Amino acid sequence: MFFPVEFRQILCYCVFLVYYIYSIREITQETHRPQYKGTSMPQGTAFLPWVYNEPRKSSESPITGGSGAMRMKRIAVCAACLLTAGCIPLSLNPLYTDDDLVYDAGLEGTWGEAPEQWAFEKAGENEYLLKVSEDEGRTTEFSVHLVQLKKHRFLDLQLSDRPDLSEWEMLHVIPAHTFWAFERDGDTLRLRNFDPEWLEDRVKNDRLWVPHTESNDFLVLTAGTKRLQRFMLKWADDEEAMGDWEEMKRAPAK
């Protein structure tokens, strides 16, 4: 089933409108709602779960959100919504050749707060195994490569083999890649992808300037690796093209 670009653009706008309204509401309520002592929820708030929240610590930003868990939830929810709306491009080809790969041992370990965490393990000379855990108790594994293109670094994510799927199911799974601009500063990890409004506008007006196709709700890049690299480098420093950075902190060692 194919959806027109206009429909997916409206869907994408709606997702982010809801997200930003939610963020603004949290900031406003943090300022105006009464702070209750104790751990029980006051009577009468059962159907308004956003009314009663723990006070935010003074060190937490009202914009970026309080805890690492909330930031992790935003990364997970935004990624899921954007993928569904076709605002994060999938790629049939990787962003790297062997000569473009680097390895950062400092990336190994667990990031974010339980239950939503990203855990990187060494899986090869220049490869990581990424385990993404969600609050429903589900864990998804990815093969990850760290790509160095001039001064920029990107994470290339690809779903790992799924032993729980049958051969017939695996036959119909295309091992697509997603690319994420990446920065690590000590125990802080930052990721970002394309701004959805910019991306939709480019697709709608035939100005994406990279081979692609649209399948169901997904934007799929069909370019080869070298063309993908030129595309990512062209826009990596463009603040209009790229979305906001999302941060996660290294989890304390157990």
If a residue has to be surrounded by 16 or more Cβ atoms within 10 Å (Cβ to Cβ) and basic (Lys, Arg) to count, how many in region 136-175 make the cut? 1
Every listed condition ((1) touching a residue at least 24 places away in the same chain (Cβ under 8 Å); (2) in a loop (DSSP other than H, G, I, E, B)) holds for Leu191 save (2)
Being of a type in the set (Lys, Arg) and in contact (Cβ under 8 Å) with a residue 24 or more places away in the chain is the filter here; which residues of region 137-160 pass it? Lys150, Arg153
Identify the residue in region 83-95 that is in contact with an Asp or Glu (Cβ under 6 Å, 6 or more places away or on another chain) and at pLDDT 95 or above and, among all such residues, is surrounded by the most Cβ atoms within 10 Å (Cβ to Cβ). Leu95
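For region 223-243, give me each residue that is part of a loop (DSSP other than H, G, I, E, B) and surrounded by fewer than 14 Cβ atoms within 10 Å (Cβ to Cβ). Don't jump to the end; show me each part of the working.
In the first step, residues of region 223-243 are kept if they are part of a loop (DSSP other than H, G, I, E, B); the result is 223-224, 236-241, 243.
Passing the criteria: Gly224, Asp237, Asp238, Glu239, Glu240.
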The one condition in (1) loosely packed, with under 12 Cβ neighbours inside 10 Å; (2) small (Gly, Ala, Ser); (3) at pLDDT below 95 that Ser133 fails to fulfil: (1)
Those residues of region 96-125 which are surrounded by 15 or more Cβ atoms within 10 Å (Cβ to Cβ), hydrophobic (A, V, I, L, M, F, W, C) and either within 19 Å of the chain's Cα centre (by Cα) or modelled with pLDDT under 95 (or both), in sequence order: Leu107, Trp111, Trp118, Ala119, Phe120
Every residue from region 165-211 that is in contact with a strand residue (DSSP E or B) (Cβ under 6 Å, 6 or more places away or on another chain) and modelled with pLDDT under 90: Pro175
Single unsatisfied condition, Gly66 versus (1) surrounded by 12 or more Cβ atoms within 10 Å (Cβ to Cβ); (2) of a type outside the set (A, V, I, L, M, F, W, C); (3) at pLDDT 50 or above: (3)
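The values are calculated or read from the model by the stated rules, or taken from the named source; none is laboratory data. Treat the numbers as computed from the prediction; the structure is a model and nothing was measured. When we count neighbours, we look across all protein chains shown, and the Cβ atoms used for this are built from the backbone with ideal geometry, even at glycine.
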